[in-house]
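Please read the structure below before turning to the comments.
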Amino acid sequence: MTDVQPIDIRARRPASGLAVETRELTKWYGRNRGILDVSLEVPRGEIFGFLGPNGSGKSTTIRLLLDLIRPSAGTARVLDLDVATESLEIRHRTGYVPGELALYGSQSGTAAIRYFAGLRGGIDTTYAFELAERFRADLDRPIGKLSTGNKHKVAIVLALMHKPELLVLDEPSTGLDPLVQQEFQAVLRETRDEGRTVFLSSHTLAEVERVTDRVGIIREGRLVVVERLSDLKAKAVRHLEFEFDRPVPAGLFDGVEGVRDIRIEGRVANISVEGMVDPAVRAASALTIVNISSVEADLDEIFLAYYRGETDAATPSPAREVTHVG
Ligand SMILES: Nc1ncnc2c1ncn2[C@@H]1O[C@H](COP(=O)(O)OP(=O)(O)O)[C@@H](O)[C@H]1O
Ligand SMILES: [Mg+2]
């Protein structure tokens, strides 16, 4: 019934307030690129979404943070601890759900919970069983016989049961049905609201956009952007359609800040606007506007642009035509 009592090492070095801090972290697998010069800071108490296509380096980064593999260059700190020299302490205070689950065998979920509670120093299992119930995890059957989704539920319970300061989840929603995903996201928010940190990787925006505070996007091993989701949305492209009471003069939107892709047909103008819509609306109001419709900014478009390398960290230009490849 005792909680894990972390050794207070903060006396050694002032607390940074960061849960994760990497500096030019690089991993080569022989001559294969793992990740390159990843410098990332994740403050404590947030849900951070680590996004990137398959093979971009998400799992590599995560494994480096947990000292499961060693960097080729650069440094990483987790919970103000050095990954290279204090990884044991980091493991105590972290929960981890790997992408490829190594949960096999004849042990049931219940047995696994009791076993890990023992390993973690005899911690209280109440929270574990509460979570299992919320996720409707099957704790009776041998874990090896469970479906991918059900294995994941057990793995998530095992990673969360000691209420770690940092929860690292590598593509955790694989195989979870929508209702369980909602419950899972609620648990992540509760974790964050307790001041703990969640580091969540995914290859799809949809999986993380409801829960994350900030996202980082990794592409071909390089971190290309780290930003608040709300700021990314503000930069998204909106499509506006204006209907006027008379034919639209050519050039009405020429040179107006943020306006791209102007199409004028009779009394109707269709434009795309990057960022603030105000300049476009002001320009339009030179005429009498009969109707305006706006299409919600499409975050997916931005993400796809980052994924394909059509934009860079400093100046996201989602207005550029997003061409579909492959
Ligand atoms: N053990 C390994 N040996 C060789 N190359 C690897 C190994 N693990 C990952 N890689 C390579 O490193 C890159 C990043 O992989 P990974 O971190 O698994 O990406 P992600 O998790 O984003 O899908 C990929 O090109 C992958 O092929
Ligand atoms: Mg991976």
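The values are calculated or read from the model by the stated rules, or taken from the named source; none is laboratory data. Just so it is clear, the model here is predicted, and its values are computed rather than measured. No Cβ is skipped: glycine too gets one built from the backbone with ideal geometry, and neighbour counts run over all protein chains shown.
Of the residues making up the range 209-225, those that are within 16 Å of VAL42 (Cα to Cα) and either hydrophobic (A, V, I, L, M, F, W, C) or assigned to a loop (DSSP other than H, G, I, E, B) (or both) are VAL211, THR212, ASP213, VAL215, ILE217, ILE218, LEU223, VAL224, VAL225.
Any chance the range 86-107 includes a residue that's aliphatic (A, V, I, L, M), surrounded by fewer than 14 Cβ atoms within 10 Å (Cβ to Cβ), more than 25 Å from ASP213 (Cα to Cα) and within 16 Å of ligand 2 (Cβ to nearest atom)? Yes: one or more hits.
With respect to THR197, is the statement that it is touching a Gly at 6+ places or on another chain (Cβ under 7 Å), hydroxyl-bearing (Ser, Thr, Tyr) and surrounded by 16 or more Cβ atoms within 10 Å (Cβ to Cβ) true? Answer is yes for this residue. Among the residues making up the range 41-67, those that are under 22 Å from ALA84 (Cα atoms), away from ligand 2 (no atom under 16 Å from the Cβ) and touching a strand residue (DSSP E or B) at 6+ places or on another chain (Cβ under 7 Å) are GLU41, VAL42, PRO43, ARG44.
Screening ASP245 on (1) closer than 30 Å to ASP37 by Cβ; (2) not assigned by TED's automatic domain parsing to the domain that holds ILE62; (3) not β-branched (Val, Ile, Thr) shows it passes everything except condition (1). Put simply, of ASP170, ASP140 the only residue that is touching a strand residue (DSSP E or B) at 6+ places or on another chain (Cβ under 6 Å), assigned by TED's automatic domain parsing to the domain that holds LYS58 and exposed (fewer than 15 other Cβ atoms within 10 Å of the Cβ) is ASP140. Filtering the range 173-190 for residues that are within 13 Å of ligand 1 (Cβ to nearest atom) and closer than 20 Å to THR60 by Cβ leaves a non-empty set. How many of the residues in the range 163-181 are outside any loop (DSSP other than H, G, I, E, B) and in contact (Cβ under 8 Å) with a residue 60 or more places away in the chain? Final tally of qualifying residues: 5. In this structure, is GLY105 out of contact with any Lys or Arg (no Cβ under 8 Å at 6 or more places or on another chain), assigned by TED's automatic domain parsing to the domain that holds LEU40 and at positive phi? It is true that GLY105 is out of contact with any Lys or Arg (no Cβ under 8 Å at 6 or more places or on another chain), assigned by TED's automatic domain parsing to the domain that holds LEU40 and at positive phi. The set of residues in the range 30-71 being surrounded by 15 or more Cβ atoms within 10 Å (Cβ to Cβ), polar (S, T, N, Q) and farther than 22 Å from ARG228 by Cβ consists of SER59, THR60.
Filtering the range 61-89 to residues that are of a type in the set (Val, Ile, Thr) and free of Cβ contacts under 8 Å to residues at least 40 places away in the same chain leaves VAL83, THR85.
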